[in-house]
Amino acid sequence: DVERSRGLGDVYKRQVYYDQKSEIRRSNIEKRRTLVSQLNDYVTAQPWEGNGAESIDWKLAEKLIGTAIREWQSYAPTDRDANKPVQKKFDRLLDSLRSKLSAHQQQNAERKQLLIAQVDALLENSDKRAATEKVKQLQAQWQKVGVVPRKQEQKLWRLFRASCDAVFAQRHQQSVEFKACLLYTSDAADDSL
(Lines give C-alpha, C1' and ligand atoms only; values in the text may rest on other atoms or scores of the structure.)
Protein backbone atom coordinates (compact mmCIF):
# COMPACT_ATOMS: atom_id res chain seq x y z
CA ASP A 1 0.00 0.00 0.00
CA VAL A 2 2.86 2.39 0.75
CA GLU A 3 4.31 1.89 -2.72
CA ARG A 4 0.91 2.34 -4.27
CA SER A 5 0.32 5.62 -2.37
CA ARG A 6 3.76 6.82 -3.47
CA GLY A 7 2.82 5.98 -7.04
CA LEU A 8 -0.43 7.90 -6.73
CA GLY A 9 1.45 10.81 -5.19
CA ASP A 10 3.85 10.83 -8.14
CA VAL A 11 0.94 10.71 -10.58
CA TYR A 12 -0.70 13.60 -8.75
CA LYS A 13 2.55 15.62 -8.79
CA ARG A 14 2.96 14.99 -12.50
CA GLN A 15 -0.63 16.01 -13.13
CA VAL A 16 -0.13 19.23 -11.16
CA TYR A 17 3.09 19.89 -13.09
CA TYR A 18 1.37 19.38 -16.48
CA ASP A 19 -1.61 21.45 -15.41
CA GLN A 20 0.75 24.28 -14.45
CA LYS A 21 2.56 24.03 -17.79
CA SER A 22 -0.76 24.06 -19.61
CA GLU A 23 -1.85 27.17 -17.67
CA ILE A 24 1.44 28.93 -18.52
CA ARG A 25 0.93 28.13 -22.24
CA ARG A 26 -2.67 29.36 -22.11
CA SER A 27 -1.64 32.54 -20.28
CA ASN A 28 1.19 33.21 -22.75
CA ILE A 29 -1.06 32.82 -25.78
CA GLU A 30 -3.51 35.29 -24.22
CA LYS A 31 -0.67 37.74 -23.61
CA ARG A 32 0.39 37.35 -27.24
CA ARG A 33 -3.16 37.99 -28.43
CA THR A 34 -3.28 41.13 -26.30
CA LEU A 35 0.06 42.26 -27.74
CA VAL A 36 -1.20 41.69 -31.29
CA SER A 37 -4.35 43.66 -30.49
CA GLN A 38 -2.32 46.57 -29.08
CA LEU A 39 0.02 46.54 -32.07
CA ASN A 40 -2.93 46.46 -34.45
CA ASP A 41 -4.52 49.42 -32.62
CA TYR A 42 -1.28 51.40 -33.01
CA VAL A 43 -0.86 50.58 -36.71
CA THR A 44 -4.47 51.37 -37.61
CA ALA A 45 -4.53 54.60 -35.58
CA GLN A 46 -1.61 56.21 -37.42
CA PRO A 47 -2.16 58.58 -40.38
CA TRP A 48 0.39 56.84 -42.61
CA GLU A 49 -0.50 58.73 -45.79
CA GLY A 50 -0.44 62.41 -46.71
CA ASN A 51 0.30 65.33 -44.42
CA GLY A 52 -0.74 63.37 -41.35
CA ALA A 53 2.37 61.21 -41.68
CA GLU A 54 4.45 64.16 -40.48
CA SER A 55 2.76 63.93 -37.09
CA ILE A 56 3.87 60.33 -36.54
CA ASP A 57 6.61 59.80 -33.98
CA TRP A 58 8.84 57.70 -36.24
CA LYS A 59 11.45 57.09 -33.56
CA LEU A 60 8.72 55.61 -31.39
CA ALA A 61 7.56 53.44 -34.31
CA GLU A 62 11.11 52.16 -34.75
CA LYS A 63 11.46 51.48 -31.03
CA LEU A 64 8.06 49.79 -30.95
CA ILE A 65 9.22 47.10 -33.37
CA GLY A 66 12.06 45.99 -31.10
CA THR A 67 9.95 46.24 -27.97
CA ALA A 68 7.14 44.18 -29.51
CA ILE A 69 9.57 41.45 -30.56
CA ARG A 70 11.17 41.24 -27.11
CA GLU A 71 7.78 41.18 -25.43
CA TRP A 72 6.54 38.51 -27.85
CA GLN A 73 9.53 36.31 -27.09
CA SER A 74 9.00 36.68 -23.35
CA TYR A 75 5.55 35.09 -23.71
CA ALA A 76 6.81 31.58 -24.26
CA PRO A 77 6.14 28.69 -24.27
CA THR A 78 2.77 28.49 -26.01
CA ASP A 79 0.66 25.81 -27.62
CA ARG A 80 1.89 25.62 -31.22
CA ASP A 81 -1.50 25.14 -32.83
CA ALA A 82 -3.06 28.01 -30.90
CA ASN A 83 -0.05 30.21 -31.65
CA LYS A 84 0.02 29.79 -35.45
CA PRO A 85 -2.79 32.26 -36.32
CA VAL A 86 -1.59 34.71 -33.68
CA GLN A 87 1.96 34.46 -35.04
CA LYS A 88 0.70 35.19 -38.57
CA LYS A 89 -1.10 38.34 -37.42
CA PHE A 90 1.93 39.47 -35.43
CA ASP A 91 4.28 38.92 -38.37
CA ARG A 92 1.92 40.72 -40.76
CA LEU A 93 1.67 43.73 -38.43
CA LEU A 94 5.44 43.90 -37.95
CA ASP A 95 6.00 43.62 -41.71
CA SER A 96 3.53 46.44 -42.30
CA LEU A 97 5.18 48.63 -39.68
CA ARG A 98 8.67 47.89 -41.01
CA SER A 99 7.54 48.66 -44.55
CA LYS A 100 6.04 52.02 -43.54
CA LEU A 101 9.14 52.89 -41.50
CA SER A 102 11.43 51.91 -44.37
CA ALA A 103 9.47 54.04 -46.85
CA HIS A 104 9.61 57.01 -44.50
CA GLN A 105 13.34 56.56 -43.93
CA GLN A 106 13.91 56.41 -47.69
CA GLN A 107 12.03 59.70 -48.12
CA ASN A 108 14.19 61.23 -45.40
CA ALA A 109 17.35 59.98 -47.09
CA GLU A 110 16.21 61.59 -50.34
CA ARG A 111 15.52 64.87 -48.52
CA LYS A 112 18.99 64.80 -47.02
CA GLN A 113 20.54 64.09 -50.41
CA LEU A 114 18.73 67.14 -51.81
CA LEU A 115 20.13 69.26 -48.97
CA ILE A 116 23.64 68.03 -49.78
CA ALA A 117 23.12 68.96 -53.44
CA GLN A 118 21.94 72.43 -52.43
CA VAL A 119 25.06 72.96 -50.30
CA ASP A 120 27.27 71.69 -53.13
CA ALA A 121 25.61 74.17 -55.51
CA LEU A 122 26.53 76.99 -53.12
CA LEU A 123 30.20 76.29 -53.77
CA GLU A 124 29.69 77.99 -57.15
CA ASN A 125 28.07 81.08 -55.61
CA SER A 126 30.38 84.10 -55.89
CA ASP A 127 28.70 85.80 -52.89
CA LYS A 128 30.31 83.71 -50.16
CA ARG A 129 28.58 85.63 -47.37
CA ALA A 130 25.14 84.80 -48.82
CA ALA A 131 26.28 81.21 -49.43
CA THR A 132 27.34 80.89 -45.79
CA GLU A 133 23.99 82.19 -44.58
CA LYS A 134 22.16 79.78 -46.86
CA VAL A 135 24.27 76.89 -45.51
CA LYS A 136 23.20 77.81 -41.98
CA GLN A 137 19.56 77.64 -43.09
CA LEU A 138 20.16 74.27 -44.73
CA GLN A 139 21.79 72.98 -41.54
CA ALA A 140 18.64 73.93 -39.62
CA GLN A 141 16.55 72.07 -42.22
CA TRP A 142 18.81 69.03 -41.89
CA GLN A 143 18.04 68.84 -38.19
CA LYS A 144 14.31 68.73 -38.92
CA VAL A 145 14.51 65.82 -41.36
CA GLY A 146 13.56 62.58 -39.63
CA VAL A 147 15.25 59.26 -39.12
CA VAL A 148 17.34 57.44 -41.72
CA PRO A 149 18.90 53.98 -41.29
CA ARG A 150 22.00 54.43 -39.10
CA LYS A 151 24.70 53.47 -41.62
CA GLN A 152 23.13 55.59 -44.32
CA GLU A 153 22.67 58.48 -41.86
CA GLN A 154 26.38 58.47 -41.01
CA LYS A 155 27.39 58.47 -44.68
CA LEU A 156 24.97 61.28 -45.55
CA TRP A 157 26.10 63.31 -42.53
CA ARG A 158 29.76 63.05 -43.55
CA LEU A 159 28.92 64.26 -47.06
CA PHE A 160 26.77 67.11 -45.75
CA ARG A 161 29.36 68.17 -43.20
CA ALA A 162 32.16 68.12 -45.80
CA SER A 163 30.11 70.26 -48.19
CA CYS A 164 29.24 72.74 -45.44
CA ASP A 165 32.88 72.91 -44.37
CA ALA A 166 33.90 73.61 -47.97
CA VAL A 167 31.50 76.58 -48.19
CA PHE A 168 32.72 77.92 -44.84
CA ALA A 169 36.34 77.49 -45.99
CA GLN A 170 35.59 79.49 -49.15
CA ARG A 171 34.02 82.23 -47.05
CA HIS A 172 37.04 82.26 -44.75
CA GLN A 173 39.43 82.39 -47.73
CA GLN A 174 37.47 85.26 -49.27
CA SER A 175 37.61 87.10 -45.95
CA VAL A 176 41.37 86.58 -45.67
CA GLU A 177 41.87 87.83 -49.23
CA PHE A 178 39.66 90.86 -48.61
CA LYS A 179 41.59 91.78 -45.44
CA ALA A 180 44.89 91.34 -47.29
CA CYS A 181 43.61 93.58 -50.06
CA LEU A 182 42.57 96.23 -47.52
CA LEU A 183 45.93 96.02 -45.81
CA TYR A 184 47.75 96.32 -49.17
CA THR A 185 45.59 99.29 -50.19
CA SER A 186 46.15 100.93 -46.80
CA ASP A 187 49.91 100.37 -47.03
CA ALA A 188 49.98 101.70 -50.60
CA ALA A 189 48.08 104.82 -49.52
CA ASP A 190 50.51 105.37 -46.63
CA ASP A 191 53.49 105.00 -48.98
CA SER A 192 52.11 107.63 -51.36
CA LEU A 193 51.92 110.21 -48.60
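Residues in region 82-98 that are under 21 Å from Ala53 (Cβ atoms) and surrounded by 11 or more Cβ atoms within 10 Å (Cβ to Cβ): Arg92, Leu93, Leu94, Ser96, Leu97, Arg98. For region 48-81, the tally of residues that are open to solvent by less than 30 Å² (accessible area, probe 1.4 Å), over 18 Å from Val148 (Cβ atoms) and of a type outside the set (S, T, N, Q) stands at 3. If you scan region 46-68, which residues turn out to be more than 12 Å from the chain's Cα centre (by Cα), part of a helix (DSSP H, G or I) and farther than 11 Å from His104 by Cα? If the condition is that a residue be more than 12 Å from the chain's Cα centre (by Cα), part of a helix (DSSP H, G or I) and farther than 11 Å from His104 by Cα, then Gly50, Asn51, Gly52, Ser55, Thr67, Ala68 are the ones that fit. When Val119, Val147 are checked against the criterion of being touching a Phe, Trp or Tyr at 6+ places or on another chain (Cβ under 7 Å) and modelled with pLDDT under 95, a single residue qualifies: Val147.
Residue pairs whose Cβ atoms lie under 7 Å apart, separated by 6 or more positions or on different chains, with the first residue in region 50-74 and touching a residue at least 24 places away in the same chain (Cβ under 8 Å) and the second assigned to a helix (DSSP H, G or I) and open to solvent by 50 Å² or more (accessible area, probe 1.4 Å), are Ile65/Arg98. Here is the figure for region 71-101: residues that are among the hydroxyl-bearing types (Ser, Thr, Tyr) and part of a helix (DSSP H, G or I) total 3.
The values are calculated or read from the model by the stated rules, or taken from the named source; none is laboratory data. As the structure is a computational prediction, the values presented were derived from the model and not from experiment. Quick reminder, even Gly has a Cβ in these numbers, built from the backbone with ideal geometry, and neighbours come from all protein chains shown. Surface areas here come from the heavy atoms of the whole protein model, side chains and all, with no ligands, DNA or RNA. Shrake-Rupley method; radii C 1.70, N 1.55, O 1.52, S 1.80 Å.
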